[in-house]
1. Based on the Cα coordinates of the range 37-113, what is the per residue volume of their convex hull in Å³?
2. Helix by helix through the chain, keep the DSSP H runs that span 18 Å or more along the axis on Cα and average at least -0.5 on Kyte-Doolittle, and give those back in order.
3. Go through 7-16, 180-189 and give me the packing order, highest mean Cβ count within 10 Å leading.
4. Treating cross-link reach as a plain straight distance, find the aspartates and glutamates whose alpha-carbon is under 15 Å from the alpha-carbon of K269, omitting any fewer than eight places away in the same chain.
5. Separation between the N7 and K47 pseudo-spin-labels, each 7 Å from Cα along Cα→Cβ, expressed in nm?
6. Please report W375, W293 as a ranked list, fewest other C-beta atoms within 10 angstrom at the top and most at the bottom.
7. So between L140 and R115, what do we pick up on full extension, going 0.36 nm a residue minus the alpha carbon distance?
8. Using +1 at the Cβ of each Lys and Arg and -1 at the Cβ of each Asp and Glu in the range 255-305, identify which of I268, L294, A305 lies farthest towards the dipole's positive end.
Amino acid sequence: MPKDSYNPYENAQAQFDGVAEKLKLPLGTRDLLRQPQRELHFTIPVKMDDGSTQVFKAFRVLHNDARGPGKGGIRFHPHETADTVRALAMWMTWKCAVADIPLGGGKGGVICDPRTLSQAEQERICRGYVRRSFDVVGPLEDVPAPDVMTTNQHMIWMLDEYETIAREKSPGFITGKPVGAGGSLGRTEATGYGVVYVLRGLLGKMDIHPKKTTASIQGFGNVAEYAAKLYTALGGRVIAVSCWDAGDGTSYTYKKAGGIDAEELSGIKDKFSSIDKEKAEKLGYERLPGDDWLKQDVDILIPAALENQITPANFPLISRNVKIIAEAANGPVTPDCDPLIKERGIVMLPDFLANAGGVVCSYFEQVQCNMNYFWEKAEVLEKLESKMVNAFESVYVLARNEDLYMRDAAYIIAINRVSDAVKLRGWV
Ligand code: NAD
């Protein structure tokens, strides 16, 4: 059964329960951490351009803030549910904890489809979201960011509304803002580069030089593009990338035996991160079916597009030579596939470790905003690298010492850190 037919909150709770049992966490701690600390469900009435009023349902969930203010994006999606937001908030708590940044986990959502709304209607939703959630968000309370179908423009509208109500400048209220309007340099590169910092760390432990490796990547969006660029700069060869084609609604794999040129491909992609088929052909790329990225005879697979892409059904297509799967996307491997990956001895770099570069840089954005002093790009990337390398080291060492799958080791570290914090605060 495809994983997306499961309830994500039940899934997040089941993952937590498994680790809590391994850690023998006291029952009170388990009860506290297996559910959100706070939830706000509200409605946003919006005057539409045609004069009618439409009421949008919205959520802001704080899973846990024992380690610091909540942090997590706001999604605009027609199928948003309270349970999805709860699960994502919980995963944010673990992601911030494994990256060891002093933030908790939050998430928000509005049930709407921005593709069918005018800019003015979207602005009214953004401002309404802040007016109705003002009491539970803020730079020292819970810090939103962009997520699915929300952009840096939405963030600026929300910031403006927040500052209007607060009657003060408060640029650290929200992250994901454009550079020059409170955004951080390096944010564009952060997630993709973070994936490769972690991957390079793992290759080092395996005593393999990146130059001797090949990779195949699913997706060529923000994360995939910058992961491909840095991996190539380290000497690795990306044999294939797959991406969805906005023109015909199909996905394709683009392949070049000598390795793709990430700079060249980024020059021929559109705003939906679709690669131009004709131009790719002229540049000598072979065009294969979308799923072929998975079948390549490479050392490393980097799913960097969507959730639920590697499942027990397509796992047998993966080459026996694949040694590492680096989860750059969120949830690209279904939980029922983990046992197969373990059994084959493929090393897994789990999503909430591998793609934590995005939230680490968001944290840097917040810090820079709160100081009102912005760092050079090199400084941001240097600090990012240090955080990602340290996070990887602690997960790797635990996994090696206890003979654990890396996903389990990452969960153990994250949940331990949060349970220590709630204990220190005397909440349990
Ligand atoms: P994006 O929208 O920039 O790019 C997505 C890419 O996936 C595009 O190239 C698109 O063509 C491709 N794609 C979509 N459907 C596909 C399919 N069926 N087959 C092949 N390719 C397909 O998104 P992004 O920001 O790069 O995010 C990618 C993933 O990483 C998501 O899971 C996201 O949640 C996760 N993530 C992103 C960040 C970030 O900072 N951007 C941070 C953490 C996690």
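Computed from the coordinates by the stated procedures, all read-outs in this text should not be read as laboratory data. Since this is a predicted model, take the numbers as computed values, not measurements. Glycine also receives a Cβ, built like all others from the backbone with ideal geometry; neighbour counts cover every protein chain displayed.
1. 82 Å³
2. 82-98, 152-166, 187-205, 357-371, 377-402, 406-424
3. Peptide ranking by packing, descending: 180-189, 7-16.
4. Within reach: E225, D245, D248, D261, E278, E281.
5. Result: 4.0 nm between the two label points.
6. W375, W293
7. Taking 0.36 nm per residue and subtracting the Cα distance, the gain is 5.8 nm.
8. Highest projection toward the positive end goes to I268.
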